[in-house]
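Chemist: Please see the structure below; I have some questions.
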Amino acid sequence: MNAPNQIETAFETGNYRTVITLAAELQQMNAASWRMLGLSHLRLREFELAETPLTRASILGDPEAMVELGNLMRLMGRFEDAAQHFAHLGPMPAGELSLRLQRWWGTTEFQMGQVESGLARCEKAWHGYISLGDDELTGRITQTLAQMYSVLGNVSRALQLNKEALRVLSVDPVPYPRLSTLQSIAAIYIEARLFDDAEIYLKEARRILSNSEYYSDQWMILLLTNEADVYRLKEDRPRTLRALLELRELLNGTSEYESRVWVASRLAEFHSEQGQFAQALEALHAGVDAGEELPPALLVTRGVVFRRRGQIELALLDFEAALPGVRESGDSHLLTRALLHLSDSLRRAGRGPESVEVLREGLERLLQDKDKARFRPDLEELSELTHSAMLEPHVAPFMEAVIEKIAALTGSVPLDEERLIHAQVETLGRTRVVRDGQPVALTLHGSALMLVYLARHPGRTRQEIQLDLYPDKDPVAGSNYIRSVIRELREALGKGAVVHAGPHNMPRYSLGPGISLTIDVQEVEQALERADMARMLALYRGPFLKTVTDSEWADDLREQLQRAVTGAIRTQMRRAREAGDLKRALLLANQLLRVDPYDPEVLVERVEVARGVASPQEIARYVVEMQRMGT
């Protein structure tokens with residue numbers, strides 16, 4: 001096979017590194033070879049390397065290269081150039097390439113702020129791809145539309161389109177559209193504070209990138225950024241640090257300036273939260289080249305570090321130096337956060353009137369922010385500022401509104417508000433809800449499930465609840481059943497047990513701020529995180545809601561908990577055996593088999609351990625049980 005044919009074969013099978021290697025060995029290349037080389041760099045997100053070969057192919061008259069050169073300009077942020085390029089290309093003969101032109105042109109217009117025309121072009125291209133009957137190509141344009149709706153704030157539509165795209169996008173031969181979709185879904189779940197859901201999609205993305213043929217530093221940077229955010233928000237410190245250090249290592253020596261600043265800021269925040277201020281400052285200054293001034297984003301971070309360290313005057317210098325640049329950048333989240341921390345620093349410096357003025361602007365901006373829940377950690381950290389604001393007539397109404405709004409969005413209790421109702425929810429091995437020491441009569445098996453679900457996923461519509469809990473039910477029947485469950489919970493636990501917010505025709509449901517739940521599932525998960533084996537075993541009485549057989553979500557959680565519990569016991573059992581503590585190992589084996597009686601490995605291992613410490617009668621019983629299971 002000659003070199004051009006080898007290049008084409010490698011390109012068609014998605015082996016882009018092979019394409020680049022083969023092209024480097026050619027002395028002369030035709031338009032098609034230049035195009036495939038350029039597209040290989042583009043799909044590996046090596047945009048600067050893609051421009052020359054795509055330009056050469058375009059000059060040589062390759063129509064696909066012409067379209068993709070405009071797409072490359074868009075990806076590099078040169079929107080005006082891309083729009084002019086697409087307009088210059090004009091209409092193309094009907095077919096996939098004509099639809100692709102409309103897709104990239106519409107995306108460019110959308111990113112330039114021409115929302116209506118951009119969305120219209122992409123919708124038109126989407127209908128065209130559906131008519132072609134190619135699921136893979138339809139999936140790609142579906143993912144583009146999903147990103148647009150996400151930007152427009154229509155998260156439900158974005159999630160629906162992304163999941164539809166994921167259904168048809170395959171890994172082979174080209175995994176990158178699927179990777180992009182996985183990252184988009186994860187980002188939506190992260191913003192919605194549904195971290196467990198986000199992790200499911202990030203894990204698949206990591207599995208794809210573990211294949212050396214598909215690996216790309218740029219894709220791994222995107223993945224690690226999302227992973228670091230999830231772990232940080234879940235307060236999983238070891239995994240947060242691991243992801244951030246891996247990301248920093250990957251970014252060293254690259255031209256990814258914004259990503260380097262981002263990881264430097266996150267690492268500095270991480271270390272300062274642990275009281276490791278020297279490491280925080282070291283990480284922060286490692287984000288820029290030697291002799292380079294800190295950008296506004298890192299000045300804000302350094303101000304936060306100094307404020308946490310009690311060096312208020314230094315914090316004020318950094319916040320005040322950063323503010324003009326932050327305002328100019330248009331980063332509303334960074335500006336709001338800077339104002340909150342500046343206000344607290346001014347208060348601590350004894351500059352009360354200035355603190356109130358800055359705080360009022362910060363709170364007004366926070367109330368305008370689409371994602372208010374992300375400010376909760378800041379407000380909790382600045383609790384003294386929060387309390388002082390409640391005593392200031394000029395800002396108290398804003399602070400009250402912020403606290404109530406964040407509480408509703410996160411499904412948590414408003415800061416410092418007395419809880420009115422307390423209930424215990426038991427779902428492991430038995431189903432029981434106890435309020436103020438008295439069992440609550442619940443007739444619907446979905447009621448306890450709903451309490452656990454809303455505790456983990458607040459702010460869901462009826463449709464979203466039904467799709468998660470009962471996707472196989474008829475939509476009308478499912479919606480009616482969910483209404484009945486919510487009605488029963490309100491009757492049993494009080495009208496404020498389940499509250500809703502949002503438009504009348506699509507309310508979002510959460511547990512009310514006046515109810516405090518102790519849920520055994522959450523307590524088991526906390527015990528697992530703390531490696532508190534005794535508490536975990538005491539709480540895990542059996543499978544999660546074993547009588548609920550018509551909910552895939554319940555099935556998944558049941559399996560997830562059982563795997564986590566058995567995994568933790570297995571680890572302790574192996575450690576005990578390695579340490580020679582066979583009695584403890586045998587006790588742990590019995591506990592594991594209480595959770596999963598059919599584990600063949602543990603059945604065998606229990607017999608092996610028992611032969612060293614148990615009586616002949618016990619050993620005989622264990623052997624019989626092992627043989628009964630066919631082991």
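The values are calculated or read from the model by the stated rules, or taken from the named source; none is laboratory data. Quick caveat, the model's predicted, so the values are computed rather than measured. Note that we place each Cβ from the backbone using ideal geometry, even for glycine, and neighbour counts take in every protein chain shown. What goes into the accessible areas is simple: the full protein's heavy atoms, side chains included, and nothing from ligands, DNA or RNA. Shrake-Rupley method; radii C 1.70, N 1.55, O 1.52, S 1.80 Å.
Chemist: May I ask you to list the residues in the range 572-631 that are hydroxyl-bearing (Ser, Thr, Tyr) and either part of a helix (DSSP H, G or I) or crowded, with 16+ Cβ neighbours inside 10 Å (or both)?
Modeler: Tyr622
Chemist: If you don't mind, there's one more thing I want to ask. What single numbered condition from (1) open to solvent by 60 Å² or more (accessible area, probe 1.4 Å); (2) farther than 20 Å from Gln463 by Cα; (3) among the acidic types (Asp, Glu) fails to hold for Asp556?
Modeler: Unmet for Asp556, out of (1) open to solvent by 60 Å² or more (accessible area, probe 1.4 Å); (2) farther than 20 Å from Gln463 by Cα; (3) among the acidic types (Asp, Glu): (2).
Chemist: List pairs: first residue in the range 595-620 and modelled with pLDDT under 90, second residue among the β-branched types (Val, Ile, Thr) and exposed (fewer than 13 other Cβ atoms within 10 Å of the Cβ) anywhere in the structure, Cβ distance under 7 angstrom, at least six positions apart or on different chains.
Modeler: Short answer, once both residue conditions are applied: none.
Chemist: Filter the range 132-155 down to residues that are in contact with a helix residue (DSSP H, G or I) (Cβ under 7 Å, 6 or more places away or on another chain) and polar (S, T, N, Q) and give me whichever is surrounded by the most Cβ atoms within 10 Å (Cβ to Cβ).
Modeler: Per the stated criteria, the residue is Thr142.
Chemist: Of all residues in the range 473-498, which are β-branched (Val, Ile, Thr), in a helix (DSSP H, G or I) and open to solvent by less than 50 Å² (accessible area, probe 1.4 Å)?
Modeler: Ile482, Val485, Ile486
Chemist: Now for a separate question. Where in the range 82-184 are there helices (runs of 4 or more DSSP H), lying wholly inside it, with at least 3 residues that are under 23 Å from the mean Cα position of the chain (by Cα)? Walk me through it before giving the result.
Modeler: Values: elements: 96-111, 115-132, 135-151, 155-168.
Here the list reads 135-151, 155-168.
Chemist: Among the residues of the range 287-316, which ones are open to solvent by 30 Å² or more (accessible area, probe 1.4 Å) and among the polar types (S, T, N, Q)?
Modeler: Correct list: Gln311 only.
Chemist: Those residues that are hydrophobic (A, V, I, L, M, F, W, C), crowded, with 21+ Cβ neighbours inside 10 Å and within 21 Å of Glu256 (Cβ to Cβ), I need them from the range 16-57; list them, please.
Modeler: Leu42, Leu44, Ala50
Chemist: For Arg167, state whether it is free of Cβ contacts under 8 Å to residues at least 40 places away in the same chain and open to solvent by 40 Å² or more (accessible area, probe 1.4 Å).
Modeler: yes
Chemist: So, one more: Could you say whether any residue in the range 280-291 is closer than 25 Å to Arg374 by Cα and among the acidic types (Asp, Glu)? Outline the logic, then answer.
Modeler: Going residue by residue through the range 280-291, those that are closer than 25 Å to Arg374 by Cα are 280-281, 283-284, 287.
From the residues that got through so far, the ones that are among the acidic types (Asp, Glu) too are none.
Within the range 280-291, none of the residues are closer than 25 Å to Arg374 by Cα and among the acidic types (Asp, Glu).
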